[in-house]
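K.L.:
Handing you this structure, nothing more for now.
The values are calculated or read from the model by the stated rules, or taken from the named source; none is laboratory data. A quick note: this is a predicted structure, and the numbers were derived from the prediction, not measured. Note: ideal-geometry Cβ built from the backbone for every residue, glycine included; neighbour counts use all protein chains shown. Heads up: the accessible areas ignore ligands, DNA and RNA and are worked out on the full protein's heavy atoms, side chains in. Shrake-Rupley method; radii C 1.70, N 1.55, O 1.52, S 1.80 Å.
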Amino acid sequence: MDFIRGRRSRDRAPGGTRGGVVVAAMLTSMMMGSGTSFGAGGSPRTRMAADPAEAGGGSFDATAYAITMTYQPDSRTLRGVTVVSATATEALDRFTLHLSGLTVRSVTVDAKPVRSFSRTGAKDLVIVPATTIRREAGFQVRIEYDGTPGAGWLPTTSGGATAFEGSSSAWFPVHEDAHDKAAFQLAATVPDGWSAVSIGRESPVRRGSTTATFRWREPDVDPAHIAVSIDHFTVERSSLADGTPLVNAYAPGLQESTRPLADRSPEILGFLSDRFGRYPFRAAGNVFVHVDDDAPATAPQTRPVYLGAGNERFMNLDAVVHEQAHQWYGVSAAARRPEDDCLAECFAAYATWLWDEARDGVDLDARYREQVNAKKGDAGFWKELYRPGEAPGINEYDKGPLALHALHRQIGDRAFYRLIKRWPQEHRGEYVDWPQFEMFAEKIAGPGLTGFFQAWFRGGTVPVDEYLWPGTLKP
Ligand SMILES: [Zn+2]
């Protein structure tokens, strides 16, 4: 997800809003407040690791979500049925899914009515099945619900709505915050003239007499990287050279300005594949909507959603390169904890440097020198990019690319390009942490980088000259 636009000017970014309240404020509070962090892959990572027996009961592994829903944009009402397939990892006499707002009408487990279900806290749906589910047993939970979605379901200026990465519990019951990847399948029915665009591959649209049903599926995704957008979209379908389907969707009024960017997707994905190795997913594209001028660009799996696409100041090619780069750095190889977020943002930010160099002949050493010299006296800028137990600050968007450019010059082109390609390939679909990356870099480039990483990533001050001006940067 992204703060890319922020960095450049005002915002910082992402988040959700409750029914159209000032997005920026909400975003900031969602991001800074309450320990929730929107990182690159953009997951709200309130808790890490598996979330076993918390208040609501035992642990399980969700294996699939099958969501059927109808949405009426005019009244902002949603009716949904979600079937969650799961495996108990311990005997379960109760378990918890997450759903915020919305009214739950019925819950069954393996087609039997449950003993009880209750809502607690902001979004816990605690389910007590009729009989205890045995350890290692597979089971299916079917939940029927309806209402007007609240937090995380953002209205667009064209009357639609979007729920971006990290907002899954705004529209379906989900096993959140647990790094629990599952298959995802959605059938969304909307009135004629509207479209629903999500992640993954699309099945043919089914037309009813006054409605249309849009169907999407993705074989394996962290719920934090799911998104859905409903609008009067113009949808363009094509494919990449290797056959990967490419879907670009434009909300009203945005096509003229954003289509030239979307049209370069094959070139951008080709460039990034050249740098980072094979594209990690089997579907691609871009979704352009407008929530408000300050809304960020985000990177759900397979298809970035630009929430402020009507703001031409930030809706530029760099934003597309940055969000697409997250498919490798942040979504496929995803940061394990908030503190590891540099593995997403520093790299997505540096991807735009590499793009600028390759496409526009930008002299990166000159850019680096200029930025280092401009920031030398700015203590906050040099804050740690990696610090155990603490998410990096917004400086990962600008100190981050400087640190990676210094690493590039420290170890040279050959090792650096091998490193940035092999990392996402060898950690495809995994959760990764910063210390792992340091070890991996030494495996590729040879030992002796401890001082460098200390100076640039773990340190909070201007690196000493030895690390500030390595290789060709030497004055
Ligand atoms: Zn980003």
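K.L.:
If you take just the strands (runs of 3 or more DSSP E) that sit entirely in the stretch 188-238, which of them hold at least 2 residues that are open to solvent by 40 Å² or more (accessible area, probe 1.4 Å)? Steps first, answer last, please.
P.N.:
Numbers: elements: 195-197, 201-207, 211-221, 228-231.
Qualifying strands (runs of 3 or more DSSP E): 201-207, 211-221.
K.L.:
Being assigned to a helix (DSSP H, G or I), of a type in the set (D, E, K, R), farther than 15 Å from residue 276 by Cβ and without any contact (Cβ under 8 Å) to a residue 24 or more places away in the chain, is that true of even one residue in the stretch 441-449? Steps first, answer last, please.
P.N.:
Just the residues of the stretch 441-449 that are assigned to a helix (DSSP H, G or I), to begin with: 441-445.
Add one more test, that the residue is of a type in the set (D, E, K, R), and what stays is 442-443.
Within this subset, residues satisfying the condition of being farther than 15 Å from residue 276 by Cβ are 442-443.
Adding the requirement that they be without any contact (Cβ under 8 Å) to a residue 24 or more places away in the chain leaves 442-443.
Yes, that holds for at least one residue.
K.L.:
List the strands (runs of 3 or more DSSP E) that sit entirely inside the stretch 99-166 and contain at least 1 residues that are in contact with an Asp or Glu (Cβ under 8 Å, 6 or more places away or on another chain) and charged (D, E, K, R).
P.N.:
Strands (runs of 3 or more DSSP E) meeting the threshold: 103-109.
K.L.:
Would you check if residue 397 is touching a Lys or Arg at 6+ places or on another chain (Cβ under 9 Å), among the hydroxyl-bearing types (Ser, Thr, Tyr) and away from the ligand (no atom under 12 Å from the Cβ)?
P.N.:
Numbers: touching a Lys or Arg at 6+ places or on another chain (Cβ under 9 Å): yes; among the hydroxyl-bearing types (Ser, Thr, Tyr): yes; away from the ligand (no atom under 12 Å from the Cβ): no.
Spelling it out, it is not the case that residue 397 is touching a Lys or Arg at 6+ places or on another chain (Cβ under 9 Å), among the hydroxyl-bearing types (Ser, Thr, Tyr) and away from the ligand (no atom under 12 Å from the Cβ).
K.L.:
For the stretch 77-129, give me the residue count where each residue is open to solvent by less than 10 Å² (accessible area, probe 1.4 Å) and under 19 Å from residue 188 (Cα atoms).
P.N.:
The number of residues fulfilling the criteria is 5.
K.L.:
Could you please let me know if residue 390 is within 25 Å of residue 274 (Cβ to Cβ), within 21 Å of the chain's Cα centre (by Cα) and at pLDDT 95 or above?
P.N.:
Working: within 25 Å of residue 274 (Cβ to Cβ): no; within 21 Å of the chain's Cα centre (by Cα): yes; at pLDDT 95 or above: yes.
Considered against the rule, which asks whether it is within 25 Å of residue 274 (Cβ to Cβ), within 21 Å of the chain's Cα centre (by Cα) and at pLDDT 95 or above, residue 390 comes out as no.
K.L.:
Against the condition of a type in the set (D, E, K, R) and exposed (fewer than 15 other Cβ atoms within 10 Å of the Cβ), how does residue 458 come out, does it pass? Reasoning before the result, please.
P.N.:
Working: of a type in the set (D, E, K, R): yes; exposed (fewer than 15 other Cβ atoms within 10 Å of the Cβ): no.
In short, no.
Per-residue answers, yes or no, for (1) small (Gly, Ala, Ser); (2) within 16 Å of the ligand (Cβ to nearest atom); (3) surrounded by fewer than 17 Cβ atoms within 10 Å (Cβ to Cβ):
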site: 351; (1), (2), (3): yes, yes, no
site: 354; (1), (2), (3): no, yes, no
site: 372; (1), (2), (3): no, no, no
site: 378; (1), (2), (3): no, no, yes
site: 383; (1), (2), (3): no, no, no
site: 386; (1), (2), (3): no, no, no
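K.L.:
A follow-up question, please. Residues of the stretch 414-440 being open to solvent by 20 Å² or more (accessible area, probe 1.4 Å), aromatic (Phe, Trp, Tyr) and within 21 Å of residue 274 (Cβ to Cβ), which ones?
P.N.:
417, the sole residue that qualifies.
K.L.:
Give me the pairs, please: first residue somewhere in the stretch 314-333 and closer than 18 Å to residue 277 by Cα and part of a strand (DSSP E or B), second residue anywhere and within 11 Å of the ligand (Cβ to nearest atom) and of a type in the set (A, V, I, L, M), beta-carbon distance under 6 Å, and either six or more positions apart or on two chains.
P.N.:
329/344; 329/348
K.L.:
Pairs please, first residue from the stretch 287-299 and under 14 Å from residue 316 (Cβ atoms), second anywhere and of a type in the set (Lys, Arg), Cβ atoms under 7 Å, 6+ apart in sequence or on different chains.
P.N.:
So the pair list comes out as 296/5; 297/5.
K.L.:
Taking the condition under 29 Å from residue 250 (Cβ atoms), in contact (Cβ under 8 Å) with a residue 12 or more places away in the chain and out of contact with any Phe, Trp or Tyr (no Cβ under 8 Å at 6 or more places or on another chain), does residue 306 pass? Working first, answer last.
P.N.:
Working: under 29 Å from residue 250 (Cβ atoms): yes; in contact (Cβ under 8 Å) with a residue 12 or more places away in the chain: yes; out of contact with any Phe, Trp or Tyr (no Cβ under 8 Å at 6 or more places or on another chain): no.
No; evaluated as a whole, the condition is false for this residue.
K.L.:
Next question. Quick one: how many residues across the stretch 302-331 are away from the ligand (no atom under 14 Å from the Cβ), closer than 21 Å to residue 350 by Cα and open to solvent by less than 10 Å² (accessible area, probe 1.4 Å)?
P.N.:
Number satisfying all stated conditions: 2.
K.L.:
Based on what the data block shows, is residue 335 of a type in the set (A, V, I, L, M, F, W, C) and either surrounded by fewer than 24 Cβ atoms within 10 Å (Cβ to Cβ) or within 14 Å of the ligand (Cβ to nearest atom) (or both)?
P.N.:
Numbers: of a type in the set (A, V, I, L, M, F, W, C): yes; either surrounded by fewer than 24 Cβ atoms within 10 Å (Cβ to Cβ) or within 14 Å of the ligand (Cβ to nearest atom) (or both): yes.
Yes: the conditions hold for residue 335.
K.L.:
Can you name every residue in the stretch 412-439 that is over 25 Å from residue 270 (Cα atoms), part of a helix (DSSP H, G or I) and out of contact with any Cys (no Cβ under 8 Å at 6 or more places or on another chain)? Spell out the reasoning first.
P.N.:
Our first condition is that a residue be over 25 Å from residue 270 (Cα atoms); within the stretch 412-439, this holds for 433-436, 438-439.
Those still in the list that are part of a helix (DSSP H, G or I) too: 434-436, 438-439.
If the condition is that a residue be over 25 Å from residue 270 (Cα atoms), part of a helix (DSSP H, G or I) and out of contact with any Cys (no Cβ under 8 Å at 6 or more places or on another chain), then 435, 436, 438, 439 are the ones that fit.
K.L.:
Further question on the same structure: Go over the candidates 36, 82, 120 one by one and state the one that is farther than 27 Å from residue 345 by Cα, in contact with a strand residue (DSSP E or B) (Cβ under 9 Å, 6 or more places away or on another chain) and modelled with pLDDT under 95. Step through it out loud before you land on a result.
P.N.:
Working: 36 fails: farther than 27 Å from residue 345 by Cα; 82 fails: modelled with pLDDT under 95.
On inspection, the qualifying residue turns out to be 120.
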